[in-house]
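Chemist: Once you've had a glance at the structure underneath, I'll fire off some questions.
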Amino acid sequence: MALVVLVHMGLFAAIGMGRVESIDVPLRTPVDVELVRPFTPPPPPPPPPAAVADPGGGAPAAPSRAHVTPTPPERPPELPVAPPTPAPAPTLVVGASPTASLNTGLGQGGEGSGTGSGIGEGDGPGSGAGPMILRGASSGEILAFVPPEARRQRRAGRSAVNCVIRADTRLEGCRVVDESPAGFGFGAAGVRVAETHFRFRPPTTASGRPVEGFRVTVTVNFGRQ
(Lines give C-alpha, C1' and ligand atoms only; values in the text may rest on other atoms or scores of the structure.)
Protein backbone atom coordinates (compact mmCIF):
# COMPACT_ATOMS: atom_id res chain seq x y z
CA MET A 1 0.00 0.00 0.00
CA ALA A 2 2.88 2.38 0.72
CA LEU A 3 4.26 1.67 -2.70
CA VAL A 4 0.93 2.45 -4.35
CA VAL A 5 0.70 5.72 -2.47
CA LEU A 6 4.20 6.72 -3.52
CA VAL A 7 3.42 5.94 -7.19
CA HIS A 8 0.31 8.10 -7.15
CA MET A 9 2.11 10.95 -5.49
CA GLY A 10 4.89 10.84 -8.11
CA LEU A 11 2.29 10.81 -10.89
CA PHE A 12 0.49 13.82 -9.50
CA ALA A 13 3.79 15.66 -9.09
CA ALA A 14 4.71 15.00 -12.72
CA ILE A 15 1.35 16.19 -13.89
CA GLY A 16 1.58 19.30 -11.75
CA MET A 17 5.01 20.16 -13.02
CA GLY A 18 4.04 19.73 -16.57
CA ARG A 19 3.12 22.69 -18.85
CA VAL A 20 -0.52 23.40 -18.99
CA GLU A 21 -1.88 24.90 -22.26
CA SER A 22 -4.76 27.33 -21.96
CA ILE A 23 -7.70 26.97 -24.32
CA ASP A 24 -9.61 30.10 -25.31
CA VAL A 25 -13.33 29.43 -25.33
CA PRO A 26 -15.25 32.10 -27.31
CA LEU A 27 -18.18 33.67 -25.49
CA ARG A 28 -21.53 33.14 -27.21
CA THR A 29 -24.28 35.70 -27.59
CA PRO A 30 -26.66 35.64 -24.64
CA VAL A 31 -30.03 34.06 -25.39
CA ASP A 32 -33.31 35.33 -23.93
CA VAL A 33 -35.37 32.53 -22.61
CA GLU A 34 -39.14 33.06 -22.11
CA LEU A 35 -40.73 30.71 -19.69
CA VAL A 36 -44.25 29.73 -20.71
CA ARG A 37 -46.69 27.99 -18.46
CA PRO A 38 -47.55 24.69 -20.08
CA PHE A 39 -51.08 24.48 -21.55
CA THR A 40 -53.29 22.05 -19.77
CA PRO A 41 -55.97 20.68 -22.13
CA PRO A 42 -59.53 20.62 -20.76
CA PRO A 43 -60.82 17.31 -19.62
CA PRO A 44 -62.62 15.32 -22.31
CA PRO A 45 -66.46 15.60 -22.36
CA PRO A 46 -68.33 12.91 -20.56
CA PRO A 47 -69.44 10.06 -22.76
CA PRO A 48 -73.06 10.30 -24.04
CA PRO A 49 -75.63 8.41 -22.07
CA ALA A 50 -76.35 4.98 -23.28
CA ALA A 51 -79.32 4.80 -25.62
CA VAL A 52 -82.40 3.41 -24.00
CA ALA A 53 -84.85 1.56 -26.17
CA ASP A 54 -88.10 3.59 -26.25
CA PRO A 55 -91.06 1.27 -26.34
CA GLY A 56 -93.20 4.15 -27.71
CA GLY A 57 -96.45 5.27 -26.23
CA GLY A 58 -98.13 8.63 -25.86
CA ALA A 59 -101.42 9.69 -27.35
CA PRO A 60 -102.75 7.64 -30.28
CA ALA A 61 -102.50 9.12 -33.74
CA ALA A 62 -105.36 11.35 -34.81
CA PRO A 63 -107.74 9.68 -37.25
CA SER A 64 -107.38 10.62 -40.88
CA ARG A 65 -109.97 12.98 -42.32
CA ALA A 66 -110.78 12.96 -45.99
CA HIS A 67 -111.66 16.38 -47.38
CA VAL A 68 -114.51 15.94 -49.79
CA THR A 69 -115.62 18.76 -52.05
CA PRO A 70 -119.15 19.71 -50.98
CA THR A 71 -121.85 19.00 -53.47
CA PRO A 72 -123.21 22.27 -54.90
CA PRO A 73 -126.85 22.90 -54.08
CA GLU A 74 -129.32 21.94 -56.71
CA ARG A 75 -130.49 24.82 -58.80
CA PRO A 76 -134.20 25.41 -58.88
CA PRO A 77 -135.84 24.17 -62.05
CA GLU A 78 -135.83 26.59 -64.91
CA LEU A 79 -139.25 28.14 -65.33
CA PRO A 80 -140.54 29.02 -68.77
CA VAL A 81 -140.18 32.68 -69.54
CA ALA A 82 -143.38 34.31 -70.67
CA PRO A 83 -143.12 36.72 -73.60
CA PRO A 84 -142.59 40.32 -72.45
CA THR A 85 -146.08 41.49 -73.32
CA PRO A 86 -148.06 43.86 -71.09
CA ALA A 87 -150.73 42.20 -68.99
CA PRO A 88 -154.28 43.02 -70.02
CA ALA A 89 -155.47 43.13 -66.42
CA PRO A 90 -154.96 46.20 -64.19
CA THR A 91 -151.57 46.17 -62.49
CA LEU A 92 -150.05 47.67 -59.40
CA VAL A 93 -146.49 49.00 -59.51
CA VAL A 94 -144.77 48.87 -56.14
CA GLY A 95 -143.00 52.13 -55.35
CA ALA A 96 -143.66 55.86 -55.11
CA SER A 97 -144.42 58.04 -58.06
CA PRO A 98 -141.49 60.26 -59.10
CA THR A 99 -143.77 63.32 -59.44
CA ALA A 100 -146.46 64.75 -57.19
CA SER A 101 -150.04 64.98 -58.46
CA LEU A 102 -153.15 66.81 -57.21
CA ASN A 103 -155.52 64.31 -58.81
CA THR A 104 -157.08 61.55 -56.77
CA GLY A 105 -155.64 58.16 -57.62
CA LEU A 106 -157.91 55.53 -59.13
CA GLY A 107 -157.87 51.98 -57.85
CA GLN A 108 -159.74 48.72 -57.45
CA GLY A 109 -163.25 49.75 -56.52
CA GLY A 110 -164.29 46.61 -54.67
CA GLU A 111 -167.92 45.96 -55.35
CA GLY A 112 -168.43 49.41 -56.83
CA SER A 113 -167.94 50.41 -60.41
CA GLY A 114 -164.60 52.17 -59.90
CA THR A 115 -161.86 51.69 -62.47
CA GLY A 116 -158.11 52.17 -62.55
CA SER A 117 -154.95 50.46 -61.35
CA GLY A 118 -153.94 52.68 -58.40
CA ILE A 119 -154.20 51.80 -54.74
CA GLY A 120 -157.27 53.27 -53.08
CA GLU A 121 -160.97 53.56 -53.50
CA GLY A 122 -162.51 53.69 -56.93
CA ASP A 123 -164.79 56.38 -58.21
CA GLY A 124 -167.84 54.14 -57.75
CA PRO A 125 -170.02 53.70 -54.70
CA GLY A 126 -168.15 50.56 -53.58
CA SER A 127 -165.15 50.53 -51.25
CA GLY A 128 -162.39 48.07 -50.42
CA ALA A 129 -158.71 47.66 -49.52
CA GLY A 130 -155.96 47.56 -52.13
CA PRO A 131 -153.10 45.04 -52.24
CA MET A 132 -150.31 45.34 -49.67
CA ILE A 133 -146.80 43.93 -49.78
CA LEU A 134 -146.11 41.72 -46.77
CA ARG A 135 -142.61 40.52 -47.53
CA GLY A 136 -139.90 41.17 -50.09
CA ALA A 137 -136.61 39.39 -50.81
CA SER A 138 -133.38 40.08 -48.91
CA SER A 139 -130.03 40.65 -50.62
CA GLY A 140 -128.85 37.15 -49.68
CA GLU A 141 -132.01 35.55 -51.07
CA ILE A 142 -131.68 37.49 -54.34
CA LEU A 143 -127.98 36.57 -54.58
CA ALA A 144 -128.88 32.88 -54.65
CA PHE A 145 -130.78 33.42 -57.94
CA VAL A 146 -128.18 35.49 -59.84
CA PRO A 147 -127.77 33.93 -63.33
CA PRO A 148 -124.52 31.95 -63.73
CA GLU A 149 -123.17 34.03 -66.63
CA ALA A 150 -123.85 37.29 -64.79
CA ARG A 151 -122.17 35.88 -61.68
CA ARG A 152 -119.13 34.84 -63.70
CA GLN A 153 -118.79 38.30 -65.28
CA ARG A 154 -119.77 40.08 -62.04
CA ARG A 155 -122.59 41.93 -63.82
CA ALA A 156 -125.44 43.64 -61.98
CA GLY A 157 -128.94 43.83 -63.40
CA ARG A 158 -132.63 44.29 -62.73
CA SER A 159 -135.91 42.79 -63.83
CA ALA A 160 -139.58 43.75 -63.54
CA VAL A 161 -142.14 40.93 -63.44
CA ASN A 162 -145.95 41.01 -63.35
CA CYS A 163 -147.60 38.33 -61.19
CA VAL A 164 -151.00 37.23 -59.91
CA ILE A 165 -151.62 37.50 -56.14
CA ARG A 166 -153.03 34.27 -54.75
CA ALA A 167 -155.33 34.07 -51.76
CA ASP A 168 -152.47 32.63 -49.65
CA THR A 169 -150.38 35.81 -50.38
CA ARG A 170 -147.97 34.01 -52.77
CA LEU A 171 -147.36 35.11 -56.38
CA GLU A 172 -147.90 32.96 -59.45
CA GLY A 173 -148.20 33.29 -63.20
CA CYS A 174 -145.35 35.82 -63.33
CA ARG A 175 -144.44 37.40 -66.65
CA VAL A 176 -141.28 39.32 -67.52
CA VAL A 177 -142.10 42.97 -68.16
CA ASP A 178 -138.56 44.31 -68.44
CA GLU A 179 -134.96 43.16 -67.82
CA SER A 180 -131.66 45.01 -67.99
CA PRO A 181 -129.19 44.20 -69.37
CA ALA A 182 -130.68 41.69 -71.75
CA GLY A 183 -129.13 38.35 -72.56
CA PHE A 184 -128.04 37.38 -69.04
CA GLY A 185 -131.26 35.77 -67.77
CA PHE A 186 -132.23 38.44 -65.23
CA GLY A 187 -135.87 38.21 -66.31
CA ALA A 188 -136.20 34.50 -65.53
CA ALA A 189 -134.27 34.99 -62.28
CA GLY A 190 -136.67 37.77 -61.26
CA VAL A 191 -139.63 35.43 -61.85
CA ARG A 192 -138.11 32.82 -59.52
CA VAL A 193 -137.34 35.42 -56.84
CA ALA A 194 -140.89 36.84 -56.96
CA GLU A 195 -142.62 33.47 -56.82
CA THR A 196 -140.29 32.17 -54.07
CA HIS A 197 -139.92 35.05 -51.62
CA PHE A 198 -142.42 37.85 -52.29
CA ARG A 199 -145.73 37.88 -50.38
CA PHE A 200 -148.68 40.20 -51.04
CA ARG A 201 -152.03 40.57 -49.38
CA PRO A 202 -154.60 40.60 -52.19
CA PRO A 203 -157.07 43.48 -52.42
CA THR A 204 -160.42 42.90 -50.75
CA THR A 205 -163.96 43.95 -51.44
CA ALA A 206 -166.12 45.96 -49.06
CA SER A 207 -167.23 42.71 -47.46
CA GLY A 208 -163.59 41.61 -46.93
CA ARG A 209 -163.56 38.99 -49.67
CA PRO A 210 -160.17 38.74 -51.49
CA VAL A 211 -160.22 39.80 -55.12
CA GLU A 212 -159.02 36.90 -57.26
CA GLY A 213 -156.73 37.30 -60.26
CA PHE A 214 -155.35 40.73 -59.26
CA ARG A 215 -151.90 41.30 -60.76
CA VAL A 216 -148.99 43.25 -59.31
CA THR A 217 -145.63 44.27 -60.79
CA VAL A 218 -142.50 43.89 -58.67
CA THR A 219 -138.94 44.96 -59.44
CA VAL A 220 -135.93 42.82 -58.43
CA ASN A 221 -132.47 44.40 -58.37
CA PHE A 222 -129.49 42.04 -58.74
CA GLY A 223 -126.71 44.19 -57.32
CA ARG A 224 -126.09 47.88 -57.87
CA GLN A 225 -126.21 49.25 -61.38
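Chemist: Given labels modelled 7 Å from the Cα in the Cβ direction, how far is it in nm from E172 to T196?
Modeler: 1.9
Chemist: Under a crude label model (7 Å from the Cα following the beta-carbon direction), how far is S180 from V5 in nanometres?
Modeler: 15.8
Chemist: Right, something else. List the residues, sorted by chain then number, that are 5 or more residues from V177 or on another chain and whose placed amide H is less than 5 Å from its amide H.
Modeler: When sequence neighbours closer than 5 places are left aside, the close amide H contacts are A160, V161, N162.
Chemist: Give me the number: length gained by fully extending R37 to R209, i.e. 0.36 nm times residue separation minus the C-alpha to C-alpha distance, one decimal in nm.
Modeler: In short, 49.8 nm is gained.
Chemist: Could you please put T40, T217 in sequence from largest to smallest accessible area, using a 1.4 Å probe?
Modeler: T40, T217
Chemist: Quick query: amide H of V211 versus all other amide H atoms, modeled in the peptide plane; which residues come in under 5 Å with a sequence gap of 5 or more or a different chain?
Modeler: Excluding prolines and chain starts, which carry no amide H, the hits are T204, T205.
Chemist: Another one. Starting at the first residue of region 187-195, write each ³J(HN,Hα) from the Karplus equation 6.51 cos²θ - 1.76 cosθ + 1.60 with θ = phi - 60°, in whole Hz, x for Gly and Pro.
Modeler: x, 5, 5, x, 4, 5, 5, 5, 6
Chemist: Next question. What full-extension length gain, to one decimal in nm, is calculated for A50 and E149 as 0.36 nm per residue of separation minus the Cα-Cα distance?
Modeler: Full-extension gain reported as 28.6 nm.
Chemist: Whole-Hz ³J(HN,Hα) for each residue in region 146-157, computed from phi via Karplus 6.51 cos²θ - 1.76 cosθ + 1.60 with θ = phi - 60°, x for glycine and proline: what do you get?
Modeler: For region 146-157, the Karplus-derived couplings read 4, x, x, 5, 5, 5, 5, 8, 6, 9, 8, x Hz, x marking Gly and Pro.
Chemist: Still on this structure, please answer the following. Which value, in debye to the nearest 20, describes the size of the charge dipole of region 133-202 about its Cα centre when Lys and Arg Cβ atoms bear +1, Asp and Glu Cβ atoms bear -1, and nothing else is charged?
Modeler: Dipole size: approximately 160 debye.
Chemist: Relative to a virtual label point 7 Å from the Cα of S139 in the Cα→beta-carbon direction, which members of region 158-188 show backbone nitrogen distances below 18 Å?
Modeler: Under 18 Å, as judged by backbone N against the label point of S139, lie 158-159 of region 158-188.
The values are calculated or read from the model by the stated rules, or taken from the named source; none is laboratory data. Everything quoted here is computed from the prediction, not taken from an experiment. Neighbour counts run over all protein chains shown; Cβ positions are idealised from the backbone, glycine included. The area values use the complete protein model at the heavy-atom level, side chains included, leaving out ligands, DNA and RNA. Shrake-Rupley method; radii C 1.70, N 1.55, O 1.52, S 1.80 Å.
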